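The values are calculated or read from the model by the stated rules, or taken from the named source; none is laboratory data. Note that the coordinates shown come from a computational prediction; the quantities given were computed from them, not determined experimentally. Here the Cβ positions follow ideal geometry from the backbone for every residue, glycine too, while neighbour counts run over all protein chains shown. All accessible areas refer to the heavy atoms of the entire protein, side chains included, with ligands and DNA or RNA removed. Shrake-Rupley method; radii C 1.70, N 1.55, O 1.52, S 1.80 Å.
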Amino acid sequence: LLPAEKELVIGGGTMDGNVALSIKNGHCHEVPALNSDHEEADTRMLLHAQHASQGAQRIIIQSPDTDVLLLCVTHCDEIGTGELWFRTGVKDRLRYIPVHKIALSLGPLICKALPVFHSLTGCDSTSALSKIGKKKAWKIISNNKVHQESLACVGHSPEVDEETAKKAEAFICSLYTISNRIPATADEARYLLFCQKAQNNLLLPPTSDSLLQHIKRANYQAYVWRKALMPRQDLPSPAGHGWKIDDNTMCPILMTKPSAPASILELINCQCIRSSCTQNCSCSSNGLAC
C-alpha cells in the first residue's frame with residue numbers, strides 16, 4: 001500500500017501511453033504537464049524529475065543504465081533542484097552518485113557535449129568504434145576545448161549539415177594515433193595508418209562514407225536526448241538519419257558507396273576449407289584470408 005501523504009506519479013503503461021497519472025490517498029487524477037510522447041523511459045524519467053523538483057531540494061533517480069546517468073549530468077542545471085542523485089546497483093553494490101557535484105566539476109560546456117560524445121563512441125542505439133574505448137576518448141575531449149565546443153553544437157537538429165559532420169569527423173580522427181600529420185578526413189586517417197608498419201586492419205578507422213552514417217545515427221540519438229525535458233518531442237522517423245526500414249525492421253545504413261573498387265573485389269578470393277569463415281580467416285593452406 002502507498003503510505004499516506006505519499007504521491008505516486010506514473011507515465012505510460014496505460015491504454016494511452018502518453019498520459020501521466022498521479023495517485024495519492026486513494027485518489028487518481030491526470031497530470032497534464034507530464035503527458036508526453038516519449039518512446040523511452042530514459043528521457044521520460046528526466047521529465048518527471050524536473051516536474052518533481054518544484055519545491056524539492058533533493059531528487060533521486062534510480063536506474064542501472066549508463067545512458068540515464070549521462071542524461072542526468074547533461075540536464076542537471078535545467079532540472080533545477082538543489083541536489084540531484086543517481087541511485088544504481090543492487091544489494092552490497094548499491095551506490096548513490098552526486099550528479100550535481102559531477103555537473104559542477106565538469107562545467108557547462110562538457111555537459112552540453114556529453115550526449116554527442118556518448119553516442120559517437122557507442123551507446124545503446126549506436127555502435128562503438130573498434131578498439132577505441134570510452135577512457136581514451138574521454139581523455140582527448142576533456143583536454144581539448146575545440147572538440148568540446150564542436151560536439152556541444154551537434155544534436156540540435158535531426159539533420160546533419162556538412163559543417164556538423166566535419167566537426168564530428170575531426171573528433172573521431174583524433175581518437176587514432178597517427179604520426180607526423182593530423183588527417184582532415186577518416187579516409188586520410190585510414191591511408192596514413194595503413195602505411196604504418198604492423199598495423200592491424202581492425203585498428204583502422206571507418207571510411208568517411210561509413211562514418212557519416214554513424215554520425216547521422218549519433219546525431220539523431222543526441223537530438224532525442226537534448227529534448228528530454230520537452231513533454232512533446234515530435235520526433236521525425238529515424239529513417240534517413242543513418243537508418244533504413246527494411247521489411248518493417250529498422251536497420252543501420254552501413255555505407256552508401258562500394259566497400260572497394262570492383263576491380264579489386266574481383267581479385268579477392270577465399271580458399272577457406274571450412275563451411276564458413278570469419279572476417280580474419282587464416283585457415284587456408286596457403287595462408288590467404290577472406
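See the values below:
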{"read-out": "Count of the stretch 72-105 residues which are over 19 Å from Q54 (Cβ atoms) and not charged (D, E, K, R)", "value": "14"}
{"read-out": "Test set (1) surrounded by fewer than 11 Cβ atoms within 10 Å (Cβ to Cβ); (2) touching a Ser or Thr at 6+ places or on another chain (Cβ under 9 Å); (3) more than 29 Å from K91 (Cβ to Cβ); (4) not β-branched (V, I, T) - Q57 fails condition number", "value": "(3)"}
{"read-out": "Residue satisfying condition, being closer than 28 Å to A152 by Cβ and assigned to a helix (DSSP H, G or I), within set A49, A33", "value": "A49"}
{"read-out": "Subset of the stretch 223-236 that is assigned to a helix (DSSP H, G or I) and touching a His at 6+ places or on another chain (Cβ under 8 Å) - its residue that is surrounded by the fewest Cβ atoms within 10 Å (Cβ to Cβ)", "value": "R226"}
{"read-out": "Within the stretch 76-108, considering residues that are among the basic types (K, R) and surrounded by 13 or more Cβ atoms within 10 Å (Cβ to Cβ), the one farthest from K139 (Cα to Cα)", "value": "R87"}
{"read-out": "Residue in the stretch 70-80 that is more than 21 Å from G11 (Cα to Cα), part of a strand (DSSP E or B) and touching a residue at least 12 places away in the same chain (Cβ under 8 Å) present", "value": "no"}
{"read-out": "Pairs, first touching a residue at least 12 places away in the same chain (Cβ under 8 Å) in the stretch 234-263, second among the aromatic types (F, W, Y), C-beta under 8 Å, six or more apart", "value": "L235/Y223; P238/Y220; H241/Y220; G242/Y220; W243/Y220; M250/W243; P252/W243; I253/W243"}
{"read-out": "Residues satisfying the stated conditions in the stretch 169-187, i.e. more than 14 Å from I132 (Cα to Cα) and crowded, with 19+ Cβ neighbours inside 10 Å", "value": "E169, P183, A186"}
{"read-out": "Subset tally (residues that are touching a helix residue (DSSP H, G or I) at 6+ places or on another chain (Cβ under 9 Å), open to solvent by less than 60 Å² (accessible area, probe 1.4 Å) and not aliphatic (A, V, I, L, M)) for the stretch 1-49", "value": "9"}
{"read-out": "Candidate set: the stretch 184-211, residues that are assigned to a loop (DSSP other than H, G, I, E, B) and of a type in the set (G, A, S); chosen: the one modelled with the lowest pLDDT", "value": "A198"}
{"read-out": "Lone unmet requirement of (1) buried (at least 17 other Cβ atoms within 10 Å of the Cβ); (2) hydroxyl-bearing (S, T, Y); (3) modelled with pLDDT of 95 or more for S157", "value": "(1)"}
{"read-out": "Conditions (1) open to solvent by 20 Å² or more (accessible area, probe 1.4 Å); (2) in a helix (DSSP H, G or I): number failed by S127", "value": "(2)"}
{"read-out": "The stretch 202-220, residues that are surrounded by fewer than 24 Cβ atoms within 10 Å (Cβ to Cβ), polar (S, T, N, Q) and under 12 Å from H241 (Cα atoms)", "value": "Q213"}
